[in-house]
Amino acid sequence: MGEFTLELNEDQKQVRDWLHGFAADVMRPAAAEWDEREETPWPIIQEAAKLGIYSLDFYAQQFFDPTGLGIPMAMEELFWGDAGIALSIVGTGLAAVGVLANGTEEQIGTWVPQMYGDANDVKVAAFCSSEPDAGSDVASMRTRAVYDEAKDEWVLNGTKTWATNGGIADVHVVVAVVDPELGSKGHASFIVPPRTPGLSQGQKFQKHGIRASHTAEVVLEDVRVPGSCLLGGKDKLDERLARAREKAKSGGERVKNAAMATFEASRPAVGAMAVGTARAAYEVALDYARTRVQFGRPIIENQGVAFQLADMATQIDAARLLVWRASWMATAGKPFTNAEGSMSKLYASEVAKSVTAQAIQILGGNGYTREYPVERMHRDAAIYTIFEGTSEIQRMVISRALAK
């Protein structure tokens with residue numbers, strides 16, 4: 001277990017600078033084009049794969065960083081480059097986390113490498129949890145998984161929505177109901193292998209922001225997957241369901257939900273994404289304020305602008321500290337007693353929205369045009385308070401933790 005530190009070591013600094021170079025030289029120049037095209041930037045993902053950024057090895061190294069700072073540091077730099085392109089590069093990671101959080105060693109070794117492919121043939125993966133009537137309300141999930149004991153297969157039916165890489169992914173990780181009577185405790189996660197009959201892409205969403213990232217519905221019609229595709233295995237599922245039934249009878253402690261285990265692990269990482277976007281907008285605004293002359297002097301010499309920038313810098317640093325604390329706690333095995341993971345995601349998300357809005361204000365009319373990147377950053381920032389648990393849900397999680 002690494003000690004908590006605010007200083008990156010030399011190896012981490014080298015990785016940070018390497019990622020920053022990729023973000024500045026490859027992502028930034030292409031950001032506006034792919035935002036307009038609203039398409040997955042396959043050439044940039046492939047370039048990231050050739051450099052080793054889009055790979056299982058890279059994310060494993062960051063994930064197992066003993067300080068816990070590898071992932072948030074990487075997310076901040078990539079999302080500083082561009083949120084839409086970055087999400088296309090890291091979106092596979094949510095599916096990978098779903099397998100890491102719930103799968104066996106054999107399942108992890110089999111499926112996670114297939115999610116990425118290789119530099120010559122890149123692949124992506126999708127994590128499918130939300131549904132048209134079940135976003136924050138996971139207990140309302142309707143996608144069903146029924147076990148066919150004679151064939152040792154699970155049969156999945158339902159529709160998923162808001163799936164990053166949904167339909168274009170090689171590997172889909174699908175959360176489904178196996179015992180409706182248990183509500184959210186009766187869920188399980190399944191791997192749907194490439195080219196499995198019955199899985200198709202539904203509506204592709206045209207979004208306000210992060211438009212270079214593919215988001216779509218995933219339709220499951222009598223999708224059959226082998227029993228080995230149940231993450232964690234059937235014995236573990238049966239034991240978990242039995243405990244949940246007993247707890248339901250006795251009113252005891254809750255049993256962890258499969259989808260929530262994935263989201264809890266990823267919330268500080270989402271906070272780091274928000275920090276990256278906020279920092280990018282702040283830096284554009286700071287540079288503009290230093291060079292934009294009005295009434296005979298740079299506008300940063302006006303107290304109204306200078307104070308805005310001071311607040312923006314302070315909020316970004318505070319958000320980063322919350323993200324780093326939560327990331328270190330998760331790696332160190334310290335429980336989020338006061339919902340520190342949700343705190344980091346909540347605050348960083350809100351900071352990203354406010355800082356990008358302030359950046360537009362500092363740039364004035366220029367900030368409202370697509371000639372400058374802050375309007376795109378502001379559109380991108382809106383998603384952080386929505387996906388992987390809205391700000392309202394984070395506040396509910398935090399308040400419940402405080403009330404115990």
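The values are calculated or read from the model by the stated rules, or taken from the named source; none is laboratory data. Computed from a predicted structure; not experimentally measured. Here the Cβ positions follow ideal geometry from the backbone for every residue, glycine too, while neighbour counts run over all protein chains shown. Please note that ligands, DNA and RNA were not included when accessible areas were found on the heavy atoms of the full protein model with its side chains. Shrake-Rupley method; radii C 1.70, N 1.55, O 1.52, S 1.80 Å.
Quick rundown of the values:
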{"item": "Helices (runs of 4 or more DSSP H) completely within the stretch 294-402 that count 1 or more residues being free of Cβ contacts under 8 Å to residues at least 12 places away in the same chain and farther than 25 Å from residue 127 by Cβ", "result": "303-332"}
{"item": "Selection from the stretch 184-199 of residues that are in a helix (DSSP H, G or I) and within 17 Å of residue 101 (Cβ to Cβ)", "result": "184, 185"}
{"item": "Matching option when the condition is within 18 Å of residue 231 (Cα to Cα) and within 24 Å of the chain's Cα centre (by Cα), among 163, 176, 145", "result": "176"}
{"item": "Some residue of the stretch 156-165 being buried (at least 17 other Cβ atoms within 10 Å of the Cβ), under 23 Å from residue 384 (Cα atoms), at pLDDT 95 or above and in contact with a helix residue (DSSP H, G or I) (Cβ under 9 Å, 6 or more places away or on another chain)", "result": "yes"}
{"item": "Test set (1) within 22 Å of residue 333 (Cβ to Cβ); (2) in contact with a Pro (Cβ under 7 Å, 6 or more places away or on another chain); (3) modelled with pLDDT under 95 - residue 72 fails condition number", "result": "(3)"}
{"item": "Verdict on residue 340 being under 18 Å from the mean Cα position of the chain (by Cα) and open to solvent by 60 Å² or more (accessible area, probe 1.4 Å)", "result": "no"}
{"item": "Hits in the stretch 1-39 - residues which are outside any helix (DSSP H, G or I) and over 14 Å from residue 83 (Cα atoms)", "result": "1, 2, 3, 4, 5, 6, 7, 8, 9"}
{"item": "Failed item in (1) farther than 22 Å from residue 230 by Cα; (2) open to solvent by 40 Å² or more (accessible area, probe 1.4 Å); (3) touching a Lys or Arg at 6+ places or on another chain (Cβ under 8 Å); (4) not hydroxyl-bearing (Ser, Thr, Tyr), with residue 114 passing the rest", "result": "(1)"}
